[in-house]
Ligand SMILES: NC(=O)c1ccc[n+]([C@@H]2O[C@H](COP(=O)([O-])OP(=O)(O)OC[C@H]3O[C@@H](n4cnc5c(N)ncnc54)[C@H](O)[C@@H]3O)[C@@H](O)[C@H]2O)c1
């Protein structure tokens, strides 16, 4: 079986590796020349994979290219390109459409096309299908089209691509059968959806569920603080219930490519098709996007309690990625947090073992080499992500005389306040 994976990022690269390990002949297609040339010489650009992993991938016969003509030889093409929001906060399907046009231009009869990019319900049949049909192909007999949402969790040591169940929804039963047969080669459990819309919406339900529950605990954190209740103890107590409760923890805000973006795809479709808001999503968005501002205000109050003013103080952020132990900075709440602190007159600096350079609105932010240096030279610090380097320095943080605000709930100390 020959597979072309379109888009070799956080989603496409692990898929390429898993399929190649299962004996599929994989070609990677990406429009980014740097990524293609890096992979060709065995260089990884994704945290979860080392250069040795890429060398093993190349040893299976994997090649990467920017030339969409490779699609002509494929049995299956899987689209893993970005689905961001545009400036108006609406779905931007430009990459999905560009990939679809490349596939339509190069497809031969018998090709199976699978979309993995997260998107609103209807995309596969309303956007992809017409593009693929432009050359006269009939979906279900000439070409086979399905949606299969990616569920990758970067940095998760327990669940990877092969042991996370994979949903597959075809435009027709034959389309679903073809896509499922591909994934069954290297994924333990393939779950069949009724159709493409159910598969598309299932992914959005998963991410919207997380978005809303994170917002719930973030709002509770604010209310508990105002009422003198320790939210972290509350969460730890509630999660001892063995059924009916899943624990979520407060934070400085949501980040990454999924939670801040995907629910907007669903809200957009609901508004466009039903002319009504998806109220839960809009409220969750309001609460979660307000967290960086709330954390900045808590920092100002903490400094005040130490007889200092935030204006003129140096406040260092510990961890500027969107989650611990990865280098991905996409949509990180550290950015709006830094912007709020700067608005309040603070000088912002950072420490992050995963991020060599960081800037806010084009201005480079000074980096400390270590937690020790940061504590010695800052008026205060905010722990934004519990990177394992910071957990290893827990004693240093605990004995610090520099006021600390911990947005992760992982640390303790005489001069440390938790969210
Ligand atoms: N990152 C995650 O954790 C995650 C998890 C689940 C789902 N998803 C979804 O998967 C999709 C891809 O996300 P990602 O994180 O892998 O993105 P990414 O930015 O890491 O990678 C996307 C790749 O696609 C390439 N690309 C863009 N347009 C292209 C085109 N027309 N032709 C060929 N290549 C093209 C880019 O150069 C890039 O290398 C998104 O829809 C995202 O919402 C991501």
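Values computed for the structure shown
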| quantity | calculated |
| --- | --- |
| Residue that is crowded, with 18+ Cβ neighbours inside 10 Å and either within 15 Å of the ligand (Cβ to nearest atom) or more than 19 Å from the chain's Cα centre (by Cα) (or both), where the choices are 172, 164, 124 | 124 |
| All positions within the range 342-372 that are over 28 Å from residue 262 (Cβ atoms) and buried (at least 21 other Cβ atoms within 10 Å of the Cβ) | 346, 348, 351, 371 |
| Some residue of the range 130-148 being closer than 22 Å to residue 27 by Cα and either within 12 Å of the ligand (Cβ to nearest atom) or free of Cβ contacts under 8 Å to residues at least 12 places away in the same chain (or both) | yes |
| Tally, over the range 311-328, of residues that are at negative phi and free of Cβ contacts under 8 Å to residues at least 40 places away in the same chain | 1 |
| Within the range 293-313, tally of residues that are outside any loop (DSSP other than H, G, I, E, B), over 30 Å from the mean Cα position of the chain (by Cα) and surrounded by fewer than 19 Cβ atoms within 10 Å (Cβ to Cβ) | 3 |
| Filter result (within 26 Å of the chain's Cα centre (by Cα) and within 11 Å of the ligand (Cβ to nearest atom)) within the range 45-76 | 45, 46, 47, 48, 64, 65, 66 |
| Residue satisfying all of: in the range 1-15; outside any loop (DSSP other than H, G, I, E, B) and surrounded by 15 or more Cβ atoms within 10 Å (Cβ to Cβ); farthest from the ligand (Cβ to nearest atom) among these | 3 |
| Residue in the range 267-277 that is in contact with a helix residue (DSSP H, G or I) (Cβ under 8 Å, 6 or more places away or on another chain), assigned to a helix (DSSP H, G or I) and closer than 13 Å to residue 208 by Cα present | yes |
| Qualifying residue in the range 377-393 (condition: surrounded by 14 or more Cβ atoms within 10 Å (Cβ to Cβ), out of contact with any strand residue (DSSP E or B) (no Cβ under 8 Å at 6 or more places or on another chain), more than 28 Å from residue 211 (Cβ to Cβ) and modelled with pLDDT of 95 or more) | yes |
| Subset of the range 90-107 that is more than 24 Å from residue 269 (Cα to Cα) and in contact (Cβ under 8 Å) with a residue 40 or more places away in the chain - its residue that is nearest to the ligand (Cβ to nearest atom) | 102 |
| Options 70, 77, 26; residue that is in contact with a strand residue (DSSP E or B) (Cβ under 6 Å, 6 or more places away or on another chain), assigned by TED's automatic domain parsing to the domain that holds residue 144, surrounded by 17 or more Cβ atoms within 10 Å (Cβ to Cβ) and without any contact (Cβ under 8 Å) to a residue 40 or more places away in the chain | 26 |
| Enumeration of residues in the range 108-128 that are touching a residue at least 24 places away in the same chain (Cβ under 8 Å), farther than 19 Å from residue 180 by Cβ and in a helix (DSSP H, G or I) | 123, 127 |
| Residues that are in contact with a helix residue (DSSP H, G or I) (Cβ under 7 Å, 6 or more places away or on another chain), in a loop (DSSP other than H, G, I, E, B) and under 30 Å from residue 329 (Cα atoms), drawn from the range 129-159 | 148, 149, 152 |
| Residue under evaluation residue 396, criteria (1) touching a helix residue (DSSP H, G or I) at 6+ places or on another chain (Cβ under 8 Å); (2) surrounded by fewer than 17 Cβ atoms within 10 Å (Cβ to Cβ); (3) over 23 Å from residue 415 (Cβ atoms), criterion not met | (3) |
| The range 16-33, residues that are out of contact with any helix residue (DSSP H, G or I) (no Cβ under 8 Å at 6 or more places or on another chain), within 21 Å of residue 102 (Cα to Cα) and more than 9 Å from the ligand (Cβ to nearest atom) | 25, 33 |
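The values are calculated or read from the model by the stated rules, or taken from the named source; none is laboratory data. Just so it is clear, the structure is predicted and the values come from calculations on it, not from any experiment. As a convention, Cβ positions derive from the backbone with ideal geometry for all residues, glycine included, and neighbour counts pool all protein chains shown.
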